Amino acid sequence: MIRNIFLLVLFLCITACNEEIEKTSKEAKQSEELNPIEDPNLFIGKHKAKAMVLGVFHFDNPNLDSYKPKFSFNILENERQVELDILLSKIAEYKPTKILLEWPRIKMDSITNVRYQNYLNGSLKLNDKKNEVYQIGFKLAKRLGHNRVYCSDASADWFGVELDWNNYDEDAYLKSKGQLTKSTRYDYESFYELDDSMKSVQTLTEHLFFINRPENRLKDHQAYLTENVLGGAGDNYLGADGVARWYRRNLRIFSNAYDLTNLDREERLLLIYGAGHVWQLRQFFKDSPDFDYVEPNEYLAK
C-alpha cells in the first residue's frame, strides 16, 4: 500500500516537472519568435546617424547667462590661434558631414551661409571675429571642404506666470514660500567660477576636455533640478516653467538636428553649442533610435 502511494506521488512529480519543462520550452521558443513590432531595430533607418555635441564657452560672451564671466580669454591672440588649430585638427578626425551652429535657424541660416561663402572666397576675414561660430564652425567647415554650415538654434517663448519682472525680488519670494534654503543649498556659483577660471590657465583643448566631461555636464544640468525648479512650487510654478522652457528650447534644437539628418546615408553631425546645452542634447540623441552618440572627449583626448 505504501509502495503504491510512493509510486503515485513519484508519478505526479514527474508529470508536473515535464509540464513545467514543456512550458519553459514553449516560452523560450515564443521569445525567439518575436513579433516584428518587438524588434528594437524596427524603428532604425537605413543608416543610424552619429551625433556629437561639442560643448564650448562663448568666446565673445554676450553676458546673457546668470553667471557673468570674471576671467578674460581672447581667442584672437596668437597663442590661442595655435591652440585653436590643434583643436580643429582633433575634431576634424571625427569627420563630421554637417556642422550645426548655435545661431537661430529661421532668422540666421541664409545670412550665415552668405557670410560663410564670403569667408571661402576670401572676402570675409575672421581676424576680428571672436565668436566660436566663426572661429570653430567656419574654420572647421572650410578645413573639411564643406560647402555650407547649418544654423540649428531656436528660441522658446515664456509661457509661465506673468510678473512685474522689474520689481520681482526672487530671494524675498523664495523666502516667503519657505523655499530659499533648500533651493540654495548647493554652491553652483563656485562651480561656475572654477570653470571660468580654468580657461585662463588651460590650453583650449584641455579646457574643452574639462567642460565636456559627462560628470561636469551632469553637475551643471543638476542646477536646473535643484535651485531652478523649486521656485513657486505649490503656487505659480515659476521655477518649473522656467526649466520647461529650457527643455523646450533644447527639444527644438534637437528637432532641427533631426530634420537636417539624412537617414538614407551615413551622417555624422557635429553640434557646436554652449556647454549648458550638452547634457540635454546628449540625452535626446542617446535616447533616439536614429542616432549613436559620440563623446567629444574621445577625440579631444587624442
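Throughout, read-outs are computed from the coordinates displayed, never taken from laboratory work. Since the model is a prediction, treat every value here as computed from it, not as a measurement. Virtual Cβ from ideal backbone geometry, glycine too; neighbours counted across all protein chains shown.
Modelled label positions at Met108 and Thr226, each set 7 Å beyond Cα in the direction of Cβ, lie 3.1 nm from each other.
When the pairs Lys139/Lys199; Lys125/Lys286; Lys48/Lys130; Lys107/Lys182; Lys177/Lys219 are compared against a 31 Å limit on Cα-Cα distance, Lys125/Lys286; Lys48/Lys130; Lys107/Lys182 fall above it. With a Förster radius of 30 Å applied to the beta-carbon distance between Leu144 and Leu76, the computed FRET efficiency rounds to 0.85.
Neighbour counts of other Cβ atoms within 10 Å put Tyr168, Tyr116, Tyr186, Tyr173 in the fewest-to-most order Tyr168, Tyr186, Tyr173, Tyr116. What separates the Cα centres of segment 199-225 and segment 81-125 is a distance of 22 Å.
Would segment 147-233 count as rounded, prolate or oblate if I go by the C-alpha gyration tensor, calling it rounded below 1.5 in a/c and otherwise prolate when a/b exceeds b/c, oblate otherwise? Oblate shape, in that a/c is at least 1.5 and b/c is the bigger or equal ratio. Once the Cβ-Cβ distance of Tyr168 and Asn121 is raised to the sixth power relative to R0 = 41 Å, the FRET efficiency obtained is 0.25.
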